[in-house]
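Written out below as structure tokens is the structure these notes cover.
The values are calculated or read from the model by the stated rules, or taken from the named source; none is laboratory data. Quick caveat, the model's predicted, so the values are computed rather than measured. All Cβ positions, even for glycine, are placed from backbone atoms using ideal geometry, and neighbour counts span all protein chains on display. Quick note on the areas: whole protein, heavy atoms, side chains included, nothing else; ligands and nucleic acids left out. Shrake-Rupley method; radii C 1.70, N 1.55, O 1.52, S 1.80 Å.
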Amino acid sequence: MASYHWRAEAGWPHAGKAEEEPGAGYKLDARTSEGVHRVKRRSNKKEKEEEKEVGRRSSSPRRGGFFKSPSPPPLHPRLIFLSAGMGAGGRMTVQEQEEATLRSGAGDKPLHRAPIEKPPFTLGQIKKAIPPHCFQRSVLRSFSYVVYDLILSGTFLYFALAVVPQLPTALAVFSWPLYWAAQGCVLTGVWVIAHECGHHAFSDYSLLDDVVGLVLHSALLVPYFSWKYSHRRHHSNTGSMERDEVFVPKQKTALPLYAKCINNPPGRLLSLAVTLTLGWPLYLAFNVSGRAYPRFACHFDPYGPIYSDRERAQIFVSDAGLLIAAFTIFRVAATYGGFWWLVRVYGVPLLIVNAWLVIITYLQHTHPALPHYDSTEWDWLRGALATVDRDYGILNRVFHSITDTHVAHHLFSTMPHYHAMEATKAIKPVLGEYYQFDGTPLLKAMWREARECIYVEADAGKRKGVFWYRKEI
């Protein structure tokens, strides 16, 4: 089977040299079982304007599909015809099809597998491409986002307590879901800021970061230090089959006995619903979907296997913060409205926050085109690059860009969120095809990943330490 790939000369994609150097052009390689053959040289002089137009059309990160940046120029129609029909009588095996391209659940856009070879660049080279001010943390600017989110949250709370009770019954019933959705999204933004505190990305002062993070996360019933340490290990071991901390995929032999029973649309829908509603508390309490430990692991247990001896005291602090927050919340509920008042005002928005947290992290690390590595293949940089940016529309801003700048976040986790988009734009030319973005609409992406990403397995006869998602049980 032959597949065709544009290969640029003269240092492309770095610094746009292919446009600056008149001798730079594209070469089309035909990859067959017999080797790589050059088919055609494309002259920049001859088709300069066409390539610039292609670059303008493909440079937007909001286009659907899973693409490599920068995009190559389009194939000549004759070459498209040849690439579709050459090799082995024009027929492809199932595995060849999977290796060459995947298909999105939303249409016929190709989802190319991410590269698995060691990158031709270092972390230092990536960092040099980022303007130095992107690594500067400002206390005032960071607090401005906290204040803004809390003002929005307070406004929505006032609406729920003072406005909705005065509305006609039918309109009030319609208004509560609006409040839940809006409050849940804003509080997710608060959650993200506390997450930044755990990465020391809020300010230059570790103590201030921990105080702010402890208060904000405790108010959302999150054990701040417990999650801070396990999440830090996730960043240190992303993409590792043995040491990653969360959303660690199972191999086929480790699937539960009921896996075949739910391997159908109703079963996948049920599994997705359970994951969104119970996934976060189950992870905290029982380490569900987390790394395998030799004994019971729990984020609330200071003596559990997740934590080292020097971290145990801070796990006690996290637990104390949760108890104080829970006591305060229930005292307020007892004073003002009782249990169902608490559910309407706080409980449902908190469920939405937890659901968003699961959706965001799940889609950042679960994709048919992303690899996972065992200890024979894994290294930190390839693991950090085995994640994907997504587009959540206006919610990108509400969630402080944790959704569409996640690749940069994994490379430089102490960078504040308000510089992450500028940094992402700066590193994309350096990362090239190693930068992954998928603009598939949210619901379609969730459903595709729920159907396609059931377990991981190495390709037969290929590198045994690299694992890809499969769905056939």
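Numbers at a glance
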{"quantity": "Ranked packing of 346-354, 133-141, most packed first, by mean Cβ within 10 Å", "calculated": "346-354, 133-141"}
{"quantity": "Gain in span if fully extended, Leu208 to Leu161, counting 0.36 nm per residue against the direct Cα distance", "calculated": "13.7 nm"}
{"quantity": "Relative packing of 168-181, 416-429, which averages over residues the other C-beta atoms within 10 Å, highest first", "calculated": "416-429, 168-181"}
{"quantity": "Distance between modelled label sites at Arg141 and Ser236, nm, 7 Å Cα→Cβ extension", "calculated": "2.9 nm"}
{"quantity": "Accessible surface ranking that places the most exposed of Arg451, Arg397 first, with a 1.4 angstrom probe", "calculated": "Arg397, Arg451"}
{"quantity": "Carbon/sulfur fraction of accessible area - the stretch 351-450, other protein chains in place, 1.4 Å, %", "calculated": "64 percent"}
{"quantity": "Overall Cα dimensions of the stretch 308-386, principal axis frame, Å, largest first", "calculated": "58, 35, 14"}
{"quantity": "FRET efficiency, 1/(1 + (r/R0)^6) with R0 51 Å, evaluated for His133 and Lys464 via beta carbons", "calculated": "0.70"}
{"quantity": "Where labels lie 7 Å past Cα in the beta-carbon direction, separation of Arg312 and Phe174 in nm", "calculated": "5.8 nm"}
{"quantity": "For Asp209, solvent-accessible area (1.4 Å; no DNA, RNA or ligand), Å²", "calculated": "0 Å²"}
{"quantity": "For the stretch 228-368, accessible area per residue (1.4 Å probe, heavy atoms of protein chains only), Å²", "calculated": "52 Å²"}
{"quantity": "The stretch 155-284 - percent relative contact order, Cα under 8 Å, separation 6 or more", "calculated": "11 percent"}
{"quantity": "Solvent-accessible surface ranking, highest first, for Val211, Val388 at 1.4 angstrom", "calculated": "Val211, Val388"}
{"quantity": "Peptides 305-316, 326-337, 373-384, 357-368 ordered by average Cβ neighbours within 10 Å, highest first", "calculated": "357-368, 373-384, 305-316, 326-337"}
{"quantity": "Proximal charge balance of Asp319 [Cβ under 12 Å; K/R count +1, D/E count -1]", "calculated": "0"}
{"quantity": "Added length on full extension, which subtracts the Cα-Cα distance from 0.36 nm per residue, Leu150 to Asn264", "calculated": "36.8 nm"}
